[in-house]
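Undergrad: Got a structure for you, written out below as structure tokens; questions coming shortly.
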Amino acid sequence: MTTPRPARLGFPVKVMANPDLKSSDARRPASDPHLKVSLEYLDAVLDHLDAHDIRMYRMASDIAPYVTHPDMPRFHAMIAESRSELAAFGAKARALDIRLSFHPSQFIVLNSPDPKLIARSTADLLAQAEMLDLMEQPPEAVMVIHVGGTYGDVPASRARWVETWATLPEPVRRRLVLEHDDLRFSAADVLWIHERTGVPLIFDHQHFWCLNPGRADMRATLHAILKSWPAGVRPKVHFSSPRTEMREQVRVDRTTKKKVKSLVPPVFTGHADFCNPFEFASFMRTAEGLEFDVMLEAKAKDLALLRLRSDLPRYAPDVAARFGFKAVGSIDRDGVDPADEVAED
């Protein structure tokens, strides 16, 4: 009997533990940004990930700037121009055992009634699939998208997504995975789509709590979603904690016409800066016996990952063991971490 490999934790895009690291070439068109420059930045990000033993990373969706922009044809060839750089970057990621992915922007919509929007979305997805293929990434390197808009009719919108799936290019269908969201399409909705397309699905813990009209059981839903992945491809899930802090809201006073700041309660669809280790441990215990990697969608990015990695051995050693985490530092007999005492002085 083989021992399953430890689960991986990852984070998206921005490296906050080292603000000098860039995730993409964000220059404006007049400065001729290029995928090659983005890959140079990402090469340094891989070094950062390896130094901190982080083995999963979501790349920015715009690492090939303006590559599909209809009015800027001079950028359209940059993927082909970067073949050798993509191959080298992909080889390095594989050598470091770093799982890569994309999460295309909210403007990528495959269930729109507008065929032009679907065509533009498909072009963007094809560009990202082509980059992953040229990086020679394994099937676990996926592109995560949401269903899209409801357009006033959820069943019809789900059906349009199914119709579009059949028209997608093979590289897109091979890399695409579908995630339920917190406002429009529930886990039950994406499972309905999977049954008609075979598209693999992403389980999102916070979204499941925000939108579960049928009161589906979490473990049963998670299990069904994990089974949607092809045999031999390790699924991944998303985890984040909801923001609980008061928010500062700026509005214009109708009488004085001046901006007024006020504190308002949190919106629980928002992501917290860090992950609550107790919520995370509870989820992972619910998922006992199921194998998957976890993408953390906390706003503090890698800082949140590193903090969770140090929290778990203290609060949930059984969960820490699933990720191969060992205790960091020591706890004195009063239950206080000496590092915390220093930090609070």
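Undergrad: Tally the residues that are in contact with a helix residue (DSSP H, G or I) (Cβ under 8 Å, 6 or more places away or on another chain) and without any contact (Cβ under 8 Å) to a residue 40 or more places away in the chain, restricting the search to the stretch 112-132.
TA: The first filter runs over the stretch 112-132 and keeps only residues in contact with a helix residue (DSSP H, G or I) (Cβ under 8 Å, 6 or more places away or on another chain), leaving 112-113, 118, 122, 125-132.
Still in the running and without any contact (Cβ under 8 Å) to a residue 40 or more places away in the chain: none.
Matching residues across the stretch 112-132 total 0.
Undergrad: So, one more: When P6 is evaluated against the numbered criteria (1) assigned to a loop (DSSP other than H, G, I, E, B); (2) touching an Asp or Glu at 6+ places or on another chain (Cβ under 6 Å), which criterion, by number, is the only one it fails?
TA: Every condition holds for P6 apart from (2).
Undergrad: Against the condition without any contact (Cβ under 8 Å) to a residue 24 or more places away in the chain, outside any loop (DSSP other than H, G, I, E, B), over 22 Å from the mean Cα position of the chain (by Cα) and surrounded by fewer than 16 Cβ atoms within 10 Å (Cβ to Cβ), how does A80 come out, does it pass?
TA: yes
Undergrad: Which one is nearest to the chain's Cα centre (by Cα) among residues in the stretch 302-326 that are part of a helix (DSSP H, G or I), closer than 29 Å to M59 by Cβ and of a type in the set (D, E, K, R)?
TA: D302
Undergrad: Let me ask something else about it. Give the residues of the stretch 15-71 that are hydroxyl-bearing (S, T, Y), assigned to a loop (DSSP other than H, G, I, E, B) and within 19 Å of the chain's Cα centre (by Cα), sorted by residue number.
TA: Selection gives S23, S24, S61.
Let's see how each residue does on (1) charged (D, E, K, R); (2) in contact with a Phe, Trp or Tyr (Cβ under 8 Å, 6 or more places away or on another chain); (3) within 20 Å of K14 (Cβ to Cβ):
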residue: I98; (1), (2), (3): no, yes, yes
residue: L117; (1), (2), (3): no, no, no
residue: M135; (1), (2), (3): no, yes, no
residue: G148; (1), (2), (3): no, yes, no
residue: Y151; (1), (2), (3): no, no, no
residue: V154; (1), (2), (3): no, yes, no
residue: R160; (1), (2), (3): yes, no, no
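Read-outs throughout are calculated quantities, based only on the coordinates presented, and are distinct from any laboratory measurement. Fair warning: this is a prediction, and the values are worked out from it, not measured in the lab. Neighbour counts run over all protein chains shown; Cβ positions are idealised from the backbone, glycine included.
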